[in-house]
1. Output the residues belonging to region 175-206 that are closer than 20 Å to ILE138 by Cα and either open to solvent by 40 Å² or more (accessible area, probe 1.4 Å) or not in a helix (DSSP H, G or I) (or both).
2. Which numbered condition in (1) in a helix (DSSP H, G or I); (2) surrounded by 16 or more Cβ atoms within 10 Å (Cβ to Cβ) is the only one that ILE172 fails?
3. Say whether the condition of being at pLDDT 75 or above and open to solvent by less than 30 Å² (accessible area, probe 1.4 Å) is met by at least one residue in region 155-163.
Amino acid sequence: MNKTSDWGEMVKAQGDIWLRLIVFIIGLLVMSFGIDLFIVSNLGATPWDTLHVGLYEHFGLTIGSWSIIVGFFVLGTSALFLKEWPKFGAYLNMILCGVFIDLFLKLPFMVTPDTLTGKIIMFLAGLLINGYGMGIYISAKLGAGPRDSFMLAVQQKTGWKVSHVRRGMEVIVLTAGFLLGGPVHIGTILYCIIIGTIVGFALPECQWFTNKVLRKMGSRKHNNKEIKRGVSL
């Protein structure tokens, strides 16, 4: 094969990875912000964060730190189940998500609303933001996070719908969080029921949008290279 062609494909692949990494990090930021809206709304954290908050209250550290620690064990379990090493993005997700959660919680406007209406609005906003944050970072295809890696693995092995797999996982984790004394409220139950459906809609929509952006950016870079090559000639 032509060496020039090989080099061109390598450069294109590297550029594509950087674009995907940007999408990936944006998705993690969005998802983490949604998680914190749940916690601050005081209407019930997500099942996983019910577990993280329970561990935080019992053993200290931070909520984000426990998110990383729990993610490490879940990632290890997924690796044993699939008998393959997780993608790099799974490790990056595990670390960045925990860091972003702690950072967002320190923002001055992240306070619990005084009215029930305000709490409900904050919770519902978090529900939508969290679901689409998952869709955005998964659409980058750099590897799902520890929890979502397990979700996708079960979906691939069983053929069940993503919404059903997600809902089942949330119920199991919710039970564990409740036994640890985590913040379980009506919002937590609502999350278990609705989040699977939101993720089911968000994944294909975000994948379509991400693919469109990647194609457009890739085409633009190719045109710029052709223009520069023509000028140099």
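The values are calculated or read from the model by the stated rules, or taken from the named source; none is laboratory data. Just so it is clear, the model here is predicted, and its values are computed rather than measured. Using ideal geometry, Cβ is built from the backbone for each residue, glycine included, and neighbour counts are taken over all protein chains shown. Side chains included, ligands, DNA and RNA excluded: accessible areas come from the protein's heavy atoms. Shrake-Rupley method; radii C 1.70, N 1.55, O 1.52, S 1.80 Å.
1. ILE194, THR197, PHE201, PRO204, GLU205
2. It fails just one condition, (2).
3. No.
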